[in-house]
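Only the coordinates and a few stated rules stand behind these numbers; no lab work does. It should be emphasised that the depicted structure is a prediction, and the values quoted were computed from it without experimental measurement. As a convention, Cβ positions derive from the backbone with ideal geometry for all residues, glycine included, and neighbour counts pool all protein chains shown.
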Amino acid sequence: MLKPKAEVVNPPHASVATPAATPRIIPRSEHSISRSHISPNALRVLYRLREGGFQAFLVGGCVRDLLLGMEPKDFDVATDALPEEVKRLFRNCRLVGRRFRLAHVFFGRDIIEVATFRATSAPSQGDEPLPEADPEDGEAAELDDPDLEAEPVPAQARAPLERPSRGRGDAEPGAATEVTFDASGRILRDNVYGTIDEDVWRRDFTVNALYYNIADFSLWDYVGGAEDIKTRTLRLIGDPETRFREDPVRMLRAARFEAKLGFQIEPATAKPIGALRQLLAGVPPARLFDETLKLFLTGQGARSFEVLRSRGLLAAMLPTVDAYFGSHPGSLVEKLLLQGLRNTDARVLADKPVTPTFLFALLLYGPIAGIIESAPPEHWHELATILEACDRATREAQARLAIPRRFALGVREMFALQPRLEHPRGRRSLRLLEQARFRAGYDLLLLRAEHGLAPPDVAQWWTRLQQVPPEERGRMADALAGEGSPPQAPHRRGRRRRRRSRASSPA
Ligand code: ATP
Ligand code: MG
């Protein structure tokens, strides 16, 4: 951790963090970041840039996480070298990005992202879905065209931030040097290169704006980020309302860091969220999808869900999900969702794979159940009713958030499997084991059974079926066909049937 120091750029009581003209430089002897904790590939990039005569810093989440003693997800490098200059230094380098060029330096499967300092506070590299950014799904990137989203208005039409203007936009042939905003203040386009003291303005929170200088291993702090790390405070740089309007996704990032780091959002930063959260409706749906994965599939999904709800952000992101929980307080479905998110978090911690399909099945469970419940009860278990409910729930969610088709189809298959898993029919049911979606469907059945939404003895039967050798499976299926219920509980048939009719109602 950082050692205490008397001089502080922004004292903890300052509600607006305004970058200082010069940084507070924290020497190596006064902070805890050691090169042994930095990825060797990131170090290679930093040293090569420096040898090439450029400035080279680690910046963003990696510096924050290193100071907190956490393992960074990735290492981002910031430099005064232009993208073309970076490319000349590294043979294993590709320039990417449509609105703003970034260099990706490849070391096998490891990629170090190198960004040239920027002079305006546009959404950064992290939030512009690049084709490479989401290897899981290219559709997300294709859907995002922020420049088509809204009528641009001139920069002068909005409250300006006071900041220096020494952009290097002219250094990039053909680069537009002006910034465009939409009517709500959202930045649509900017690509002006700058210096490090300008780059700091485009960072979101003070704790994400610390620069680690490879030249002497010092930390550069323009905004009091080191102090905010010590007091575990999330504070936007600049005027919070302006910064949220520029990029409403920063509200989701605030919630994500609150959940992930356990930091407190400082009151002036938290205050405008209530009034501005509806601006998330104007964010490209593909970007909201990317952000949803970061919120729920990186190890703190259950906490993210609680924070999003308490800050009213779930309503802006997934209105139908929020509405279901609003009208069914304390429901079994809510417990199922939270348990499912906790299970997912445990898988992430254990380095096991997690999938957006299962996540969306959990998130959409409420709306799907709500739609099924609105049909007459005799239709609840019909495949057509279930599929229609999945399709409608997905369509409604997609008004805000792009759920790529293959994940939406996966959710449909998982729900379609439920009645077949609940009512196994002899040897035919063994074929379900071969289905691509069996594992996800079975996991959902287990969760439902755990919460009284499916019969537990059937769930146990499926568990046992997978544990026994294949030749035994046929016997289990035959026994089931003969007895009409899982063999483990023949004597409980009556009870099971009663429970099933209650338990397999949608919610
Ligand atoms: P993590 O990687 O742990 O999720 P991070 O802070 O590194 O957190 P990234 O999305 O990787 O987040 O972004 C890297 C850095 O880029 C951030 O620390 C921040 O300085 C800047 N940044 C990213 N997104 C935004 C944004 N929407 N607005 C302003 N700055 C941003
Ligand atoms: Mg990061």
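Enter the per residue convex hull volume of the stretch 191-230, computed from alpha-carbon coordinates, in Å³ rounded to the nearest integer. It would help to have the intermediate numbers written out before the result.
Working: hull volume 2.9 nm³, N = 40.
Dividing the Cα hull volume of the stretch 191-230 by its residues yields 72 Å³.
Using all Cα-Cα distances in the stretch 287-405, what percent lands in each 5 angstrom bin from 0 up to the longest?
That works out to 2, 11, 21, 24, 20, 12, 6, 2, 0, in percent per bin.
Near the amide H of residue 194, under 5 Å away, which other amide H atoms are found, from residues 5 or more places off or on another chain, if H is placed in the peptide plane?
117, 118, 119, 168
Projected onto the charge dipole of the stretch 238-368 (+1 at Lys/Arg Cβ, -1 at Asp/Glu Cβ, origin at the Cα centre), which of 248, 295, 332 gives the Cα projection farthest towards the positive end?
Toward the positive end, the furthest listed residue is 332.
So how much slack lies between residue 374 and residue 460, counting 0.36 nm per residue of separation and subtracting their Cα-Cα distance, in nm? If you can, show how the numbers build up before the last one.
Values: separation 86, 0.36 × 86 = 30.96 nm, distance 3.00 nm.
Result: 28.0 nm gained on full extension.
What FRET efficiency comes out for the pair residue 433/residue 71, r = Cβ-Cβ distance, R0 = 35 Å, nearest 0.05? Mind showing how you got there, number by number?
Details: r = 37 Å, r/R0 = 1.07.
My answer for the efficiency is 0.40.
Under the Karplus relation 6.51 cos²θ - 1.76 cosθ + 1.60, θ = phi - 60°, what is the ordered set of whole-Hz ³J(HN,Hα) values for the stretch 221-229, x standing for Gly and Pro?
In residue order, the calculated couplings are 10, 8, 10, x, x, 5, 5, 5, 5 Hz.
Starting from the 7 Å offset along Cα-to-Cβ, what nm value, one decimal, do you get for the label separation of residue 20 and residue 346?
The two pseudo-label positions are separated by 4.7 nm.
Apply the a/c threshold of 1.5 to the C-alpha gyration tensor of the stretch 258-346 and tell me whether it is rounded, prolate or oblate.
Values: a/c = 1.40, a/b = 1.23, b/c = 1.13.
Taking the square roots of the gyration eigenvalues as a ≥ b ≥ c, the stretch 258-346 is rounded.
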